[in-house]
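Enquirer: Please see the structure below; I have some questions.
The values are calculated or read from the model by the stated rules, or taken from the named source; none is laboratory data. The shown structure was predicted, so the numbers you read here are calculated from the model rather than taken from an experiment. So basically every Cβ, Gly included, is an ideal-geometry build from the backbone, and we count neighbours across all protein chains shown.
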């Protein structure tokens, strides 16, 4: 019944949302210089990497992936992100999790 439990996936989703809020505040981020854009990309890569590691280690099922996406989506909406950003970020984090669960961990 562990594949149906949502406690761990909820905690992970909350940690990802906290990272997003810290690194990419709803009020916007500065991207006017090459250095600031590179920093933003590194932050985004770090967040996606965390998702990949979690998905590879925990192998969430379809229910948990959906729960993760839904929790991230509603948290971003409540934080005040524009709807287009909410949809884009939700799609990307769920896609990363889905792709990471397809790969086999090294033996």
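Enquirer: Among 60, 25, which is the only one that is surrounded by 18 or more Cβ atoms within 10 Å (Cβ to Cβ) and over 10 Å from the mean Cα position of the chain (by Cα)?
Expert: From the options 60, 25, the qualifying one is 60.
Enquirer: Something else: Does residue 101 satisfy the criteria of being at pLDDT 90 or above and buried (at least 18 other Cβ atoms within 10 Å of the Cβ)?
Expert: The answer is no for residue 101.
Enquirer: Checking the structure you have, find out if any residue of the stretch 6-26 is over 19 Å from residue 103 (Cβ atoms), outside any helix (DSSP H, G or I) and touching a residue at least 24 places away in the same chain (Cβ under 8 Å).
Expert: yes
Enquirer: How many residues does the stretch 66-97 hold that are in contact with a helix residue (DSSP H, G or I) (Cβ under 9 Å, 6 or more places away or on another chain) and touching a residue at least 40 places away in the same chain (Cβ under 8 Å)?
Expert: 13
Enquirer: Among the candidates 52, 80, which residue alone is more than 14 Å from residue 14 (Cα to Cα) and exposed (fewer than 13 other Cβ atoms within 10 Å of the Cβ)?
Expert: Every option except 80 fails the conditions.
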